[in-house]
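Enquirer: Once you've had a glance at the structure underneath, I'll fire off some questions.
The values are calculated or read from the model by the stated rules, or taken from the named source; none is laboratory data. Computed from a predicted model, the values in this text were never measured in an experiment. No Cβ is skipped: glycine too gets one built from the backbone with ideal geometry, and neighbour counts run over all protein chains shown. Side chains are part of the model used for accessible areas, which takes the heavy atoms of the whole protein and leaves out ligands, DNA and RNA. Shrake-Rupley method; radii C 1.70, N 1.55, O 1.52, S 1.80 Å.
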Amino acid sequence: MMLLHDTALIYGRYLRQSLRSRFALLFGMLMPLLYLVFFGPLLTDLPLGGRGSSWQVLVPGLLLQLGLFGALFAGFMIIVENSQGVVERMRVTPVSRLALLLGRVLRDATVFVFQAVLLVLAALVAGLRAPLAGVLIGFAFVALLTVSLASLSYALAMKVHRPGEFGPMINAVSMPSMLLSGLMLPMTLAPGWLDVLSHFMPFRYLVDAMRDAYVGSYTTAAMLYGVLVAVGLTVLSVTVGTRVFRTSGA
């Protein structure tokens, strides 16, 4: 019960900060929105291997891109708070270290799911047609991805401390992750060696599962693998993040 109380306290604190930055909420979805407007029409006549319409292929990838880039850079907040003494003040409170992490990552998940909703609404205007259940499943994947990557991002930021080191590390992870996961196009369209290499990237399984969900296929092998990878990655990331928060005295 104390953990739930502490988590709700931290979550509310950071959610209020986010709500005061409405411009940042909307600006965060700018890159996926640009892809939707300028890249989506290019896929209209492209053979996609029976994975649905171009929008059913592109939108799930854009949603995961939103969570991928947003959550990975979440650790910058910890670096700023360290420089302002916020983390030091939190260290002397009796609040659970796990709650300090969960409150932050749940706020991040809330923000990015909200942005995902706005992006899907824009995609519906552009021509997306997908079952409601599939769309809701997609939001669940975005939330799990955000919790996973934000946990790792905060853990890394607790160890790095300097933006000049943190930024290049995140860029070194985010770009290969986007390119090898098939967020823009299914990796089945890639050369054989690249398709094989992409199977070592966990985000590929999430995007494949979301694309199945967007065409109404909920009992496929891709969906099973996607759920297992998403849940496993979340458990592992939160465990790592909690350990770092405890040992670092956050």
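Enquirer: In whole percent, and with a 1.4 Å probe on the protein chains, what portion of the accessible area of segment 155-250 is carbon and sulfur?
Expert: Heavy-atom surface of segment 155-250 belonging to carbon and sulfur, 1.4 Å probe: 72 percent.
Enquirer: With Cβ to Cβ distances under 11 Å as the rule, what net charge do the other residues near M223 carry (K, R +1; D, E -1)?
Expert: Numbers: positive: R211; negative: D208, D212.
After counting each charged neighbour, the total is -1.
Enquirer: Please compute, for the alpha-carbon atoms of segment 104-197, the extent along each of the three principal axes and give them in descending order in Å.
Expert: For segment 104-197, the Cα spread along each principal axis is 44, 38, 19 Å.
Enquirer: Provide the packing ranking of 100-112, 219-231, i.e. peptides ordered by the mean count of other C-beta atoms within 10 Å per residue, highest first. It would help to have the intermediate numbers written out before the result.
Expert: Details: 100-112: 24.0, 219-231: 16.2.
Per-residue mean Cβ counts within 10 Å order the peptides as 100-112, 219-231.
Enquirer: Now for a different question. Let me know the shape class of segment 59-166, please: from the alpha-carbon gyration tensor, a ≥ b ≥ c as square roots of the eigenvalues, rounded when a/c is under 1.5, otherwise prolate if a/b is greater than b/c, or oblate. Could the numbers behind the result be given before it?
Expert: Working: a/c = 3.19, a/b = 2.23, b/c = 1.43.
Prolate is the answer for segment 59-166, as a/c is 1.5 or above and a/b outweighs b/c.
Enquirer: From the protein chains alone at 1.4 Å, what is the descending order of accessible area for W193, W55, largest first?
Expert: Largest to smallest exposure gives the sequence W193, W55.
Enquirer: Another one. At 15 Å minimum axial length over the Cα atoms and a Kyte-Doolittle cut of 1.6, report the qualifying DSSP H helices in the chain, or say none.
Expert: 97-126, 132-160
Enquirer: Next question, about the same structure. Could you work out the local net charge near L68, counting Lys and Arg as +1, Asp and Glu as -1, over the other residues with Cβ closer than 13 Å to its Cβ? Walk me through the numbers on the way to the answer.
Expert: Values: positive: R204; negative: D108.
Value of the local net charge: 0.
Enquirer: Stokes-Einstein diffusion coefficient for segment 143-223 at 37 °C in a medium of 0.692 mPa s, Rh from the Kirkwood formula over Cα pairs: what value in µm²/s?
Expert: This corresponds to a translational diffusion coefficient of 230 µm²/s.
Enquirer: Two-decimal Rg/Rh of the chain from alpha-carbon positions, Kirkwood Rh?
Expert: We get a ratio of 0.99 for the chain.
Enquirer: What is the spin-label model distance, in nm, from M31 to T239 if the labels are put 7 Å beyond Cα along the C-beta direction?
Expert: Once both label points are built, they end up 3.0 nm from each other.
Enquirer: How much net charge surrounds R243 when only other residues with a Cβ under 12 Å from its Cβ are counted (Lys, Arg +1; Asp, Glu -1)?
Expert: +3
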